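Everything on this sheet refers to the single structure shown next.
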Amino acid sequence: MRLRFAPSPTGYLHVGGARTALFNWLLARRHGGSFILRIEDTDLSRSTEEAIEAIIRDMRWLGLDWDEGPEVGGEHWPYRQTGRVNLYRRAAEELMRKGAAYRCFCLPEELAERREKALKEGKSPMYDRRCRRIPWEESRDMAKDGKPFAIRFAVPEGETVVRDLVRGEVRFRNQEIEDFVLLRNDGSPTYNLAVVVDDLDMRITHVVRGDDHLPNTPKQILLYRALEAEEPAFAHLPMIVGRDGKPLSKRHGDVAVGSFRERGFLPDAMVNFLALLGWSLDDSTTIMDRDTLVAGFALERVSSKPAVWDDEKLVWMNSQYIMAMDDQALAQALMPFLAQAGLAEEGDPGALERMRRISPLVRERIKTLTDAVPLVAFFFREVEAEEDARELLRGEESRAVLRETGKRLLELESFDAAALEESMRAMADEMGVKPRKAFQPVRAAVSGSRVSPPLFESMEILGRETCLRRIARSLEEN
Ligand code: GLU
């Protein structure tokens, strides 16, 4: 099996595109096939280098590796349509030779005008095929005289049936298909021509893509036939919609893969979530690692009904994946976020080790990686106490507790959570203060907040010196 993901680099990678890429990748990995990344950048006015870079970065982040394509190479290099234009021109010429395509001398302005007129009159805006009737010699001479022309496909009569692996048979009446342009009058290829030439040349066996492309499929099938080539199998994936049933768009919130990375989602959670947009393993399993997905993925279980994007489910799923991470992995995943917040430097082994020790204290309190940043900041830098913490710290009882705590911390032999807890409980007892109440000012002084990760474990990680310094500072300032 040879599969491909063929994004047009006109913007960021949309989660819908990522779902398409993922399904292709899963099929390729499941069947030991090849997964190809091809950049469809024929639309020069809308394609950008940044978009290509962003697609590559996001694909890598998701862990969807490709066997042929940008950065990887392969026998069909370059895997960018702008570098393959000669192939498309040759194919268009071949189609002309075979009588399956013809020159169209209508100018874009004329076409637009006719279209508008037809629409106004309530007629079909389709091209009226007038240039199809120009005799061959005449057409050749006009071209020789330098008249600009596009090349159009001569859609034959009859019916075209798409045998879709998800939707079954879908029939199209050819009379409803326009004689579509293959090459524009500037010599640039259109999507339908380039995609067929590339899929043929790259020996793609299965075209798996969003169902917004279904109307293109009969055109492409007709092209394969005209080129006397066998068409690949087609599978059109269901649309992704928001909870309101409308196609997922910015109105619904984030739709760029990059935003989810920035928000602190894990690639594994994202992949798991995307896999369930239109596919299911059975009727109940939700959490599946990559191996399970690869082993279980099959087009037979892809639904043709729209898939609903549910942000809450994604957040929940992400928290499940965070919960399952070991301390080291979680610390590593958090480092870029700490770095971004200016709390640590990414490659600092000391910071990583500290984060590894903090990980068990925050793992169950966060749903995304970014959630951790405010919770752990006080481990990495001095923090200004929040206002309600300051208020608490000003109280007489609080100050007495802090003074006493300071003394005890100095005397502790081993500065660990168990010893800290024992000593502080004894202190509360002696002072006649309820333990929870006695711990509050200590928490506020060392963390700057009235809510923090578990106090004694946190103090152990902060170390004696830092705790003492923060307690002293708190007594001075409040
Ligand atoms: N470049 C097309 C797109 O981004 C790909 C369509 C296809 O997979 O054939 O929608």
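Structure data summary
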| quantity | calculated |
| --- | --- |
| Karplus-derived HN-Hα couplings along the stretch 360-377 (A = 6.51, B = -1.76, C = 1.60, θ = phi - 60°), whole Hz, x at Gly and Pro | x, 7, 10, 3, 7, 9, 10, 10, 10, 5, 5, 4, 6, 4, x, 5, 9, 3 |
| Value of relative contact order over the chain, rounded to a whole percent, pairs C-alpha under 8 Å and six or more apart | 12 percent |
| The stretch 447-461 - phi-based ³J(HN,Hα) in whole Hz, Karplus 6.51/-1.76/1.60, Gly and Pro as x | 10, x, 9, 7, 10, 8, x, x, 5, 6, 5, 5, 5, 4, 5 |
| Cysteines without a disulfide-compatible partner [the chain; Cβ-Cβ under 4.7 Å] | CYS106, CYS467 |
| Length-normalised contact order for the stretch 121-207 - Cα pairs under 8 Å, 6+ apart - percent | 24 percent |
| Using θ = phi - 60° and Karplus 6.51 cos²θ - 1.76 cosθ + 1.60, couplings along the stretch 234-248 (whole Hz; Gly, Pro as x) | 10, 9, 10, 7, x, 4, 9, 10, x, 5, 7, x, 8, x, 4 |
| Normalised convex hull volume, the stretch 367-411, alpha-carbon set, Å³ per residue | 119 Å³ |
| Cut-off under 5 Å, modelled amide H: who pairs with ILE39 long-range | ARG80, GLN81 |
| Calculated diffusion of the stretch 298-444, Stokes-Einstein form, Kirkwood radius summed over Cα pairs, 37 °C and 0.692 mPa s, µm²/s | 177 µm²/s |
| Sites ARG425 and GLU477, calculated FRET efficiency, Cβ-Cβ separation with R0 25 Å, nearest 0.05 | 0.40 |
| Amide H partners (placed H, <5 Å) of CYS104, local residues excluded | ALA150, ILE151, ARG152 |
| Evaluated at q = 0.18 Å⁻¹: base-10 log I(q)/I(0), Debye formula over Cα of the stretch 1-56 | -0.59 |
| Listed pairs LYS250/LYS313; LYS120/LYS144; LYS117/LYS305 exceeding 27 Å between Cα atoms | LYS120/LYS144; LYS117/LYS305 |
| GluC sites (Glu not before Pro) restricted to the stretch 105-138 and DSSP loop, no more than 14 other C-beta within 10 Å | GLU121 |
| Ranking of THR285, THR20 by count of other Cβ atoms within 10 Å, fewest first | THR285, THR20 |
| Exposure proxy order (Cβ contacts within 10 Å, fewest to most) of MET323, MET355, MET59 | MET323, MET59, MET355 |
| FRET efficiency, 1/(1 + (r/R0)^6) with R0 30 Å, evaluated for ASP291 and VAL72 via beta carbons | 0.85 |
| Cα-based Rg of the chain normalised by 2.2 N^0.38 Å, two decimals | 1.38 |
| For ILE240, distant residues with modelled amide H under 5 Å away | LEU248, ALA307 |
| Computed [θ] at 222 nm, deg cm²/dmol, the chain (DSSP H ≥ 4; -39,500 (n - 2.57); rounded to nearest 500) | -15000 deg cm²/dmol |
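No lab work stands behind these numbers, since they all come straight from the coordinates. Keep in mind that this is a model prediction, so the values were computed, not measured. Positions of Cβ are backbone-derived with ideal geometry, glycine not excepted, and every protein chain shown enters the neighbour counts.
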